[in-house]
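Below: one structure, written as structure tokens.
The values are calculated or read from the model by the stated rules, or taken from the named source; none is laboratory data. Bear in mind the structure is a predicted one, so any value in this text is a computation, not a measurement. Note that we place each Cβ from the backbone using ideal geometry, even for glycine, and neighbour counts take in every protein chain shown. Protein only, heavy atoms only, side chains kept; ligands, DNA and RNA dropped before computing areas. Shrake-Rupley method; radii C 1.70, N 1.55, O 1.52, S 1.80 Å.
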Amino acid sequence: MDRGGWTRRRFVGALTGTAAGAALPACGTEPGPDAASAHEASPSASPAPSTTPRPTGPRPLYLGTYTTVDGGGTGIGLATYDADSGRIKRTGTITRVADPSYLAAHPDGRTLYAVNERDDGAVTAVRLADRTILAVRSTGGAGPCHLSVHPGGRWLLSANYGSGSVAVHPIDASGSLGERTDLVTHSSPAPGPGQQGPHAHQFITSPDGGHVLAVDLGTDTVYTYRLDERTGKLTEVAQAHTRPGAGPRHLTFHPKGRYAYLANEVDNTVAVCAYDPDSGRLTVGEAQSTGTGSGTNYPSQFLVTSNGRYAYLANRGHNSLTRYAVEADGARLRLLDTVPVSGDFPRQIAFSPDGRLLFAANQKSSTVSVFQVNANGELRLTGEPFASPVAVCALPL
């Protein structure tokens, strides 16, 4: 395991100047969000403002953290938010979940999945109705930092940053997890400049459902696989390479499925990628500006509105959200502006299901900022950020 590389990923910029927020109460049995009414969503989902009526009553919000750092949380944070004002209210904690740094929900809204970002990496399944931990399964690698649910709801995909591998777990009818069905380590190409090994950072399904893609920061590569939905086995079908030293971190698809947008953490750039659904081949375009100037900055994540008109990039270091206009049916990004995130080190961003709110989890300030998204893609901060210990993921349902 490349322990040094994992430490950089987990704590880049966080061991210096971390502001510890007030810890959430350890009250796993405390009443919280109404899980039964949860909509399908994930931290990388891409809704947009719409004319759909807003849901009434408080909506559930789940918060990822580290439990083994100073000022960290005690498990998965529970909260609710108002779909109109964006105001967040703390309701409790799902305890006994170690280092739940990234979260995803099952399409039926009944089960929550978390990575356990540790040396002995694992994934945890939690039944939301009663907060019961259904299963904890090994990912076969170190430092899992991302997971997603395959659209059919039968497979969980996870990325092990520390060991540069991706894993597949079966999901049964109850939402629980079986033992791992596959584990693939990114052994080729060789690590990029400054890297000691592969560092898988994301594992997602293409919009057409035909392929799964893994973004690896250490090898400057996006790997495309076919997933056998009967056996849970992976077959590599293509590789897409960034320029050396780019350090790709996060990929988000345009709604039409022919283009995707890549955030490059190490060299502070973004790229538009063309995607061929038939072959699964991704073609990485030229590096573009994040709009953050010459200072130190680590782009963390893209979001794209469901109407495909705007894209947003979270910037750690510059502490901003970059807004792009999406043009030419997804083939082009035009930088519009940057907006202060009102927090320190925005690690992850997510839309509410109706796309009217954008949540930013700010790791170093231990806060979650909430923005209203208007029809022109403009962002307006809704109020004071919400205190949440070492906030590394915010999942609104």
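Report yes if Asp278 is at pLDDT 95 or above, within 15 Å of Gly209 (Cα to Cα), open to solvent by 10 Å² or more (accessible area, probe 1.4 Å) and acidic (Asp, Glu), otherwise no. It would help to see each step written out before you state the result.
On the way: at pLDDT 95 or above: yes; within 15 Å of Gly209 (Cα to Cα): yes; open to solvent by 10 Å² or more (accessible area, probe 1.4 Å): yes; acidic (Asp, Glu): yes.
It is true that Asp278 is at pLDDT 95 or above, within 15 Å of Gly209 (Cα to Cα), open to solvent by 10 Å² or more (accessible area, probe 1.4 Å) and acidic (Asp, Glu).
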Task: Scan of the range 146-160 for residues that are closer than 16 Å to Leu103 by Cβ, of a type in the set (S, T, N, Q) and buried (at least 24 other Cβ atoms within 10 Å of the Cβ), ordered by number - done: Ser158
- [ ] Take the range 288-305 and flag every residue that is surrounded by 16 or more Cβ atoms within 10 Å (Cβ to Cβ) and either out of contact with any Asp or Glu (no Cβ under 8 Å at 6 or more places or on another chain) or on the phi < 0 side of the Ramachandran plot (or both).
- [x] Gln288, Thr290, Thr292, Asn297, Tyr298, Pro299, Ser300, Gln301, Phe302, Leu303, Val304, Thr305
Task: Every residue from the range 123-138 that is hydrophobic (A, V, I, L, M, F, W, C) and either more than 21 Å from His186 (Cβ to Cβ) or surrounded by fewer than 24 Cβ atoms within 10 Å (Cβ to Cβ) (or both) - done: Ala125, Val126, Leu128, Ala129, Ile133, Leu134, Ala135, Val136
Open item on the list: Just to verify a result, which residue in the range 338-360, among those that are more than 16 Å from the chain's Cα centre (by Cα) and in a strand (DSSP E or B), is surrounded by the most Cβ atoms within 10 Å (Cβ to Cβ)?
Closed with: Leu357
Task: Close pairs from the range 261-287: first without any contact (Cβ under 8 Å) to a residue 24 or more places away in the chain, partner part of a strand (DSSP E or B), Cβ under 6 Å, at least 6 apart - done: Gly285/Ala271; Gly285/Val272
Open item on the list: I need the full set of residues from the range 309-318 which are without any contact (Cβ under 8 Å) to a residue 60 or more places away in the chain and over 13 Å from Pro340 (Cβ atoms), in order please.
Closed with: Ala311, Leu313
Task: Within the range 127-154, tally of residues that are of a type in the set (A, V, I, L, M, F, W, C) and under 18 Å from the mean Cα position of the chain (by Cα) - done: 4
Task: Subset of the range 257-287 that is polar (S, T, N, Q) and either part of a strand (DSSP E or B) or touching a Cys at 6+ places or on another chain (Cβ under 6 Å) (or both) - its residue that is nearest to Asp329 (Cα to Cα) - done: Thr283
- [ ] Sort out which residues of the range 196-208 are open to solvent by less than 40 Å² (accessible area, probe 1.4 Å) and either in a loop (DSSP other than H, G, I, E, B) or acidic (Asp, Glu) (or both), and write them in order of number.
- [x] Gly197, Pro198, His199, Ser206
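Is it the case that some residue within the range 211-221 is touching a residue at least 40 places away in the same chain (Cβ under 8 Å), assigned to a loop (DSSP other than H, G, I, E, B), among the polar types (S, T, N, Q) and out of contact with any strand residue (DSSP E or B) (no Cβ under 8 Å at 6 or more places or on another chain)? Break it down stepwise before answering.
We begin by selecting, within the range 211-221, every residue touching a residue at least 40 places away in the same chain (Cβ under 8 Å); these are 211-219.
Going one step further and asking which of them are assigned to a loop (DSSP other than H, G, I, E, B), we end up with 211, 217-219.
So of that shortlist, the ones also among the polar types (S, T, N, Q) come out as 219.
Remaining after also requiring out of contact with any strand residue (DSSP E or B) (no Cβ under 8 Å at 6 or more places or on another chain): 219.
Among the residues of the range 211-221, at least one is touching a residue at least 40 places away in the same chain (Cβ under 8 Å), assigned to a loop (DSSP other than H, G, I, E, B), among the polar types (S, T, N, Q) and out of contact with any strand residue (DSSP E or B) (no Cβ under 8 Å at 6 or more places or on another chain), which makes the answer yes.
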- [ ] Go over the candidates Val370, Val390 one by one and state the one that is touching a Lys or Arg at 6+ places or on another chain (Cβ under 9 Å), modelled with pLDDT of 95 or more and part of a loop (DSSP other than H, G, I, E, B).
- [x] Val390
TODO: State all residues of the range 83-102 that are open to solvent by less than 30 Å² (accessible area, probe 1.4 Å) and closer than 20 Å to Val69 by Cβ; if no residue qualifies, say none.
DONE: Thr93, Ile94, Val97, Ala98, Asp99, Pro100, Ser101, Tyr102
Open item on the list: For the structure I just gave you, tell me whether Gly5 is modelled with pLDDT under 95, on the phi > 0 side of the Ramachandran plot and either part of a strand (DSSP E or B) or out of contact with any strand residue (DSSP E or B) (no Cβ under 9 Å at 6 or more places or on another chain) (or both).
Closed with: no
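Per-residue answers, yes or no, for (1) buried (at least 24 other Cβ atoms within 10 Å of the Cβ); (2) small (Gly, Ala, Ser); (3) in a loop (DSSP other than H, G, I, E, B):
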| position | (1), (2), (3) |
| --- | --- |
| Ala104 | yes, yes, no |
| Leu112 | yes, no, no |
| Gly140 | no, yes, yes |
| Val166 | yes, no, no |
| Pro170 | no, no, no |
| Ala173 | no, yes, yes |
| Ser187 | no, yes, yes |
Open item on the list: Name the residue that is nearest to Val270 (Cα to Cα), counting only residues in the range 317-337 that are touching a strand residue (DSSP E or B) at 6+ places or on another chain (Cβ under 6 Å) and in a loop (DSSP other than H, G, I, E, B).
Closed with: Ala331
